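Visitor: Below is one structure. I have some questions about it.
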Amino acid sequence: MMEFGAADANGALDFTCETCTTKQTSKLLHDLIQSIVSALEARDPHTAEHSLRVGDMAERTCSLMGLPDDVTATIHMAAHVHDIGKIGIPDRVLLRNARLTPAEHALLRNHPRIGYDILSGCESLDGVAEIVLHHHERWDGSGYPDGLAGERIPLGARIVAVCDSIDAMLGKRLCKKSMAPRECVQEIFLNAGSMYDPDIAWFVLKHWDAIVGRVEFRDFIVAEPGAYHALCCSVPAPKALDLIA
Ligand SMILES: [Fe+2]
Ligand SMILES: [Fe+2]
């Protein structure tokens, strides 16, 4: 599964994980994340697969943005475990094959806080825990758990939010069919500036084929190189992307 390279001057090993494409020098941290994902998989295979795809999309987004390696690694790990808090949600809600009642929805909305509580016990995962806590915040402040708005939402949480929505729309769920990629593109476009950071939504739309097109969904492959070029090029560029190299 993992290929190990030479130890550096500090004795840390460079290695590559074939599962998640992470390149870390902290094997211990990476193993910890893998164990957490495995725990979720035992409970809810659908959410675990979803988390892997969101992790891949987030990592590609960060790399294309030219974010520093340590920032990319933190966001990548957070994307892998963003829904870990669902481990604390009762089966009757988590595995329900029908629309949730308002009370069940309220229970499900606890998952970012539960995830934060799980991860924040480990000091090395502080940055990861913050992103997990805020991955359901919305750019306009109408999200949860804290109703943060705009750039008060951690950058990683804004990136995960876009990738999470794309996977939720394109992937099949127990109770819903997957959405056509073109409709998904339109949803991201229409909600840029309300749900999503417009800079990040714009960036993902501009690089759709590289970020989303390579993700393999179980029932179909989204890759249609250039298929969204016309639509994405009609998206007006937002304010200067000062975060993006
Ligand atoms: Fe979530
Ligand atoms: Fe999710």
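The values are calculated or read from the model by the stated rules, or taken from the named source; none is laboratory data. Given the structure is predicted, the values throughout are model-derived calculations rather than measurements. Cβ coordinates were reconstructed from backbone atoms using ideal geometry, including for glycine residues, and neighbour counts include every protein chain displayed.
Visitor: Having 3 or more residues that are touching a strand residue (DSSP E or B) at 6+ places or on another chain (Cβ under 7 Å), modelled with pLDDT of 80 or more and within 16 Å of residue 64 (Cβ to Cβ) is the bar; report the helices (runs of 4 or more DSSP H) wholly within segment 163-244 that clear it.
Guide: Details: elements: 181-191, 198-206, 208-211, 229-232.
By residue number, no helices (runs of 4 or more DSSP H) qualify.
Visitor: Restricting to segment 74-101, and then to whatever is of a type in the set (Lys, Arg) and part of a helix (DSSP H, G or I), can you tell me which residue is nearest to ligand 1 (Cβ to nearest atom)? Give the derivation first.
Guide: Initially, segment 74-101 is screened for residues of a type in the set (Lys, Arg), giving 86, 92, 96, 99.
Cutting the leftovers down to part of a helix (DSSP H, G or I) gives us 86, 92.
Values: 86: 7, 92: 18 Å.
If we take residues in segment 74-101 being of a type in the set (Lys, Arg) and part of a helix (DSSP H, G or I), then 86 is nearest to ligand 1 (Cβ to nearest atom).
Visitor: Keeping to segment 31-64, report how many residues are crowded, with 21+ Cβ neighbours inside 10 Å, more than 14 Å from ligand 2 (Cβ to nearest atom) and at pLDDT 90 or above.
Guide: Total meeting the criteria: 4.
Visitor: Give the residue, chosen from 71, 132, that is away from ligand 2 (no atom under 16 Å from the Cβ), of a type in the set (A, V, I, L, M) and in a helix (DSSP H, G or I). Before you say what the answer is, go through the steps one by one.
Guide: On the way: 132 fails: away from ligand 2 (no atom under 16 Å from the Cβ).
Only one candidate qualifies: 71.
Visitor: Another question, if that's okay. Failed condition for residue 138, given (1) basic (Lys, Arg); (2) outside any helix (DSSP H, G or I); (3) exposed (fewer than 14 other Cβ atoms within 10 Å of the Cβ), with all others met?
Guide: Of everything listed in (1) basic (Lys, Arg); (2) outside any helix (DSSP H, G or I); (3) exposed (fewer than 14 other Cβ atoms within 10 Å of the Cβ), residue 138 misses just condition (3).
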